[in-house]
Amino acid sequence: MKKIIQFLLQKILGFKTYLFLFAIVKSIQIKYDKKESDFIFLFNFIKKDSNVLDIGANVGIMTSNLARHNPLGIVYAFEPINENFDTLKKVIRFFKLKNVQFFNFALGDESKEIEMVLPVVNNVKMQGLSHVIDSEIVEFNEGEKYKVKQERIDDLQILRNIKIDAIKIDVENFEYKVFLGARETMIKNKPIIYCELWDNENRKQCFDFFQQINYQIKIVKNNKLIDFNNEVHNTQNFYFIPIS
């Protein structure tokens with residue numbers, strides 16, 4: 001039923017209008033959505049003047065909330081898919097937010113041109129599942145294809161002389177490659193990181209990466225951070241916390 005409603009709305013409204021209205025409604029509702037409580041917990045670590053990276057900003061739902069919570073700081077929003085990126089900018093303008101900087105390219109472990117896909121499932125465009133086409137990513141690879149630029153975080157001059165306090169990242173199973181391209185930045189800044197990770201090889205690689213650079217793996221339970229136990233906990237939402 002949900003897919004049918006999405007299909008009809010995208011058909012009647014047009015995809016761009018659908019994305020914008022969807023993003024506005026979700027941006028307003030997110031604080032009351034129990035499914036997003038792990039993300040909202042990130043606000044505990046973000047001061048009013050923090051610098052935050054939103055990697056995989058998509059249509060701006062989390063970006064707008066990060067920016068509103070962080071009025072004296074800057075949110076650096078990275079989104080490579082043009083339809084998503086255009087909606088992201090419209091959403092930020094709608095909420096009259098002035099503290100977001102936009103970057104229309106992907107992040108990874110190399111500077112190069114890559115291919116991405118906006119998945120189409122049952123004739124419904126799934127913008128939230130947009131991802132890099134990679135041999136290790138086998139889900140949701142059918143849809144609209146794009147050639148985009150990819151950069152490494154460690155190479156970005158705009159981030160060189162600022163203190164990065166927190167990172168939210170959701171790039172659909174490409175997180176490890178992004179972290180590889182940000183190793184120096186992570187070690188230098190020691191940001192708090194909120195990350196969605198499926199239970200697969202990418203997750204294992206991310207865990208190994210952060211343990212190597214002296215981070216703890218945490219999850220939110222009863223509104224507090226606890227150590228993740230793979231034998232007990234069933235979640236996709238993780239916090240990586242630097243060990244002092």
(request) Select from segment 121-140 the residues that are surrounded by 13 or more Cβ atoms within 10 Å (Cβ to Cβ) and not in a strand (DSSP E or B) and list them in ascending order. (result) Met126, Gln127, Gly128, Leu129, Ser130, Ile133, Asp134, Glu136, Ile137, Phe140
(request) Quick one: which residue in Leu118, Leu53, Leu88 is part of a helix (DSSP H, G or I), surrounded by 17 or more Cβ atoms within 10 Å (Cβ to Cβ) and in contact with a strand residue (DSSP E or B) (Cβ under 8 Å, 6 or more places away or on another chain)? (result) Leu88
(message) Regarding segment 96-105, can at least one residue be identified that is more than 18 Å from the chain's Cα centre (by Cα), open to solvent by 20 Å² or more (accessible area, probe 1.4 Å) and of a type outside the set (A, V, I, L, M, F, W, C)?
(response) yes
(request) Among residues belonging to segment 204-244 that are closer than 19 Å to Thr185 by Cα and either in contact (Cβ under 8 Å) with a residue 40 or more places away in the chain or acidic (Asp, Glu) (or both), point out the one that is surrounded by the most Cβ atoms within 10 Å (Cβ to Cβ). (result) Phe240
(request) Can you confirm whether segment 11-24 contains a residue that is in contact with a helix residue (DSSP H, G or I) (Cβ under 7 Å, 6 or more places away or on another chain), surrounded by 14 or more Cβ atoms within 10 Å (Cβ to Cβ), assigned to a loop (DSSP other than H, G, I, E, B) and among the hydrophobic types (A, V, I, L, M, F, W, C)? (result) no
(message) Given the condition over 26 Å from Val124 (Cβ atoms), surrounded by 22 or more Cβ atoms within 10 Å (Cβ to Cβ) and in contact with a Lys or Arg (Cβ under 8 Å, 6 or more places away or on another chain), answer yes or no: does some residue in segment 70-83 qualify?
(response) yes
(request) Scan segment 154-177 for residues that are touching a residue at least 60 places away in the same chain (Cβ under 8 Å), closer than 26 Å to Val138 by Cβ and touching a Lys or Arg at 6+ places or on another chain (Cβ under 9 Å) and report the count. (result) 1
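The values are calculated or read from the model by the stated rules, or taken from the named source; none is laboratory data. All figures in this text were calculated on a predicted structure; none of them were measured in a lab. As a convention, Cβ positions derive from the backbone with ideal geometry for all residues, glycine included, and neighbour counts pool all protein chains shown. We work out accessible area using only protein heavy atoms, side chains counted, and drop any ligands, DNA or RNA first. Shrake-Rupley method; radii C 1.70, N 1.55, O 1.52, S 1.80 Å.
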